[in-house]
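Trainee: First the structure, then my questions, so here it is.
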Number of protein chains: 2
Amino acid sequence: MVPAPPDPPADWPLIAATPGPDLRLFRVVHERRCNPRNGIALDALRLESPDWVNVVPITQDGDLLLVRQFRFGVRAMTLEIPGGMVHRGEDPALAAARELREETGHVARRLIALPPVEPNPAFLDNLCHQYLAEDVEPAGALEQDPGEDLVVERHSPEAVRRMVADGVIRHSLVLTALCRVFDLRR
Amino acid sequence: MVPAPPDPPADWPLIAATPGPDLRLFRVVHERRCNPRNGIALDALRLESPDWVNVVPITQDGDLLLVRQFRFGVRAMTLEIPGGMVHRGEDPALAAARELREETGHVARRLIALPPVEPNPAFLDNLCHQYLAEDVEPAGALEQDPGEDLVVERHSPEAVRRMVADGVIRHSLVLTALCRVFDLRR
């Protein structure tokens with residue numbers, strides 16, 4: 001028996017919103033809010049971003065396509081599923097198909113929506129839409145933009161699960177998509 | 001048979017690093033890097049942050065403790081596992097025990113490390129350390145800081161899985177911890 005939850009906390013009234021510096025990737029907003037618990041005012045950082053999208057591409061043989069690239073945050077190579085930004089007004093499913101084509105050179109027979117996630121609701125306002133792409137097939141060369149340098153790799157589900165267990169694959173948004181398709185328990 | 005992966009991509013040589021505005025939560029750095037594929041220089045945004053920690057608290061009855069709070073990024077209530085920042089020099093396991101105590105008023109008999117994740121290697125430099133806290137027991141009142149307004153809820157694993165499936169729980173870093181403990185496939 002689960003006891004009834006206590007009264008929920010209250011929303012924090014907005015006192016002021018001030019635009020911050022331009023970070024290109026994000027629009028920065030400093031919001032002054034009032035803590036309803038104690039009346040204390042607090043400055044909250046908000047990074048406004050377009051939604052993101054990523055996609056778990058599975059071939060007819062059941063292998064996964066992964067992308068290896070240098071990532072500027074961790075200053076190291078990562079192994080990830082393909083993904084990117086949803087353009088303004090673009091359907092997230094079309095963005096997923098586009099990123100799959102651009103970053104892996106493959107197209108999918110079937111694209112299945114997985115539940116979207118909040119990348120970080122504490123300071124980001126956006127969603128990451130996630131898809132499973134089944135029966136992906138080669139459709140031509142990669143279409144990398146000038147700021148990308150990607151290499152595509154093909155791995156079995158067993159190899160992917162091992163790399164997740166070993167921490168080789170550890171981008172949070174890659175794991176939130178993979179865990180909808182594979183059992184990632186230890 | 002998985003074919004041998006192609007040659008990996010090369011690291012991007014650093015041309016210049018320029019400090020950006022102070023965002024408190026993050027130290028902003030603009031790094032100019034050279035794309036080894038085409039020689040084109042690119043400005044990369046890097047947000048430097050302390051590591052984070054979160055913890056999956058399970059009671060002796062097998063229920064989970066979750067925290068409901070207003071989140072400034074999405075301007076809405078979220079339901080999450082407890083977590084926070086690792087203090088400078090603090091052991092991540094102690095940070096997990098501290099956040100568990102402060103945000104839920106509980107202590108754990110056993111704290112088991114789950115593999116850490118990269119919150120977002122594209123622009124963040126940090127890790128989120130993750131733990132499973134078993135046999136958590138009440139140890140007193142919450143210890144909220146002036147900038148928090150938390151309510152603790154207790155839910156069965158079945159209820160948690162349902163809320164994950166329904167998108168009620170959708171913070172990416174909550175899912176990356178939960179998927180190590182529960183099968184979150186659709």
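The values are calculated or read from the model by the stated rules, or taken from the named source; none is laboratory data. Keep in mind the model is a prediction, meaning the values are calculated, not measured. Because the Cβ atoms are built from the backbone with ideal geometry, glycine has one as well, and the counts that use them run over all protein chains shown.
Trainee: Here are some residues: B:Asp51, B:Asp61, B:Asp43. Which one is closer than 30 Å to B:Glu103 by Cα and more than 21 Å from the chain's Cα centre (by Cα)?
Mentor: One residue alone meets the criteria, B:Asp61.
Trainee: Name the residue that is surrounded by the fewest Cβ atoms within 10 Å (Cβ to Cβ), counting only residues in the range B:49-64 that are out of contact with any Leu (no Cβ under 8 Å at 6 or more places or on another chain) and assigned to a strand (DSSP E or B).
Mentor: B:Leu64
Trainee: Let me ask another. Is there any pair linking a residue in the range B:126-137 that is at pLDDT 95 or above to one that is surrounded by fewer than 20 Cβ atoms within 10 Å (Cβ to Cβ) and of a type in the set (Lys, Arg), with Cβ under 7 Å and at least six apart or on different chains, and which?
Mentor: The qualifying pairs are B:Glu134/B:Arg109; B:Glu134/B:Arg110; B:Asp135/B:Arg109; B:Asp135/B:Arg110.
Trainee: Could you check the range B:143-171 and list, in sequence order, the residues that are farther than 17 Å from B:Arg185 by Cβ, without any contact (Cβ under 8 Å) to a residue 40 or more places away in the chain and either among the small types (Gly, Ala, Ser) or touching a Lys or Arg at 6+ places or on another chain (Cβ under 7 Å) (or both)?
Mentor: B:Gly147, B:Ala159, listed by residue number.
Trainee: Given B:Arg68, B:Arg101, which one is of a type in the set (Lys, Arg), within 28 Å of A:Ala10 (Cβ to Cβ) and either part of a strand (DSSP E or B) or touching a Cys at 6+ places or on another chain (Cβ under 6 Å) (or both)?
Mentor: B:Arg68
Trainee: Tally time: how many residues in the range A:146-161 are facing another protein chain (nearest Cβ under 7 Å) and not in a loop (DSSP other than H, G, I, E, B)?
Mentor: 5
Trainee: Does B:His87 fit the bill of being within 12 Å of chain A (Cβ to nearest Cβ) and within 17 Å of the chain's Cα centre (by Cα)?
Mentor: no
Trainee: Now for a separate question. If a residue must be surrounded by 18 or more Cβ atoms within 10 Å (Cβ to Cβ) and either more than 10 Å from every other protein chain (Cβ to nearest Cβ) or of a type in the set (A, V, I, L, M, F, W, C) (or both), how many such residues does the range A:162-181 contain?
Mentor: 9
Trainee: Checking the condition more than 16 Å from the chain's Cα centre (by Cα) and under 20 Å from B:Pro116 (Cα atoms), which residue from B:Glu143, B:Glu134, B:Glu148, B:Glu158 passes?
Mentor: Selected residue: B:Glu134, the only one of B:Glu143, B:Glu134, B:Glu148, B:Glu158 that is more than 16 Å from the chain's Cα centre (by Cα) and under 20 Å from B:Pro116 (Cα atoms).
Trainee: Would you be able to tell me the number of residues in the range B:96-145 that are under 11 Å from B:Val55 (Cα atoms) and aromatic (Phe, Trp, Tyr)?
Mentor: 1
Trainee: Here's another thing I want to ask about it. Of all residues in the range B:28-48 being facing another protein chain (nearest Cβ under 10 Å), in contact with a Pro (Cβ under 7 Å, 6 or more places away or on another chain) and assigned to a strand (DSSP E or B), which is surrounded by the most Cβ atoms within 10 Å (Cβ to Cβ)?
Mentor: B:Arg33
Trainee: Can you tell me which residue within the range B:98-116, out of those that are within 15 Å of the chain's Cα centre (by Cα) and among the aliphatic types (A, V, I, L, M), is nearest to the other protein chains (Cβ to nearest Cβ)?
Mentor: Filtering first and then ranking leaves B:Leu114.
Trainee: For B:Arg68, state whether it is more than 23 Å from A:Gln69 (Cα to Cα) and basic (Lys, Arg).
Mentor: Judged against the criteria, B:Arg68 is a match.
Trainee: Please pick out the residue among A:Leu79, A:Leu25 that is in contact (Cβ under 8 Å) with a residue 24 or more places away in the chain, within 11 Å of chain B (Cβ to nearest Cβ), aliphatic (A, V, I, L, M) and buried (at least 17 other Cβ atoms within 10 Å of the Cβ).
Mentor: After applying the criteria, what remains is A:Leu79.
Trainee: Of the conditions (1) over 30 Å from B:Asp61 (Cβ atoms); (2) among the β-branched types (Val, Ile, Thr); (3) touching a Ser or Thr at 6+ places or on another chain (Cβ under 7 Å), A:Ile81 fails just one. Which one is it?
Mentor: For A:Ile81, the exception is condition (3).
Trainee: Still on this structure: More than 10 Å from chain B (Cβ to nearest Cβ) and in contact with a helix residue (DSSP H, G or I) (Cβ under 6 Å, 6 or more places away or on another chain): is that true of A:Glu143 in this structure?
Mentor: Yes, satisfied.
Trainee: Taking B:Glu118 and the conditions (1) in contact with a Cys (Cβ under 8 Å, 6 or more places away or on another chain); (2) among the acidic types (Asp, Glu); (3) touching a residue at least 24 places away in the same chain (Cβ under 8 Å), which numbered condition does it fall short on, given that it satisfies the others?
Mentor: If we test B:Glu118 against (1) in contact with a Cys (Cβ under 8 Å, 6 or more places away or on another chain); (2) among the acidic types (Asp, Glu); (3) touching a residue at least 24 places away in the same chain (Cβ under 8 Å), just (3) comes out false.
Trainee: With the requirement that a residue be assigned to a loop (DSSP other than H, G, I, E, B) and surrounded by fewer than 14 Cβ atoms within 10 Å (Cβ to Cβ), what does the range B:12-22 give you?
Mentor: Once the filter is applied, which keeps residues that are assigned to a loop (DSSP other than H, G, I, E, B) and surrounded by fewer than 14 Cβ atoms within 10 Å (Cβ to Cβ), the range B:12-22 yields only B:Pro13.
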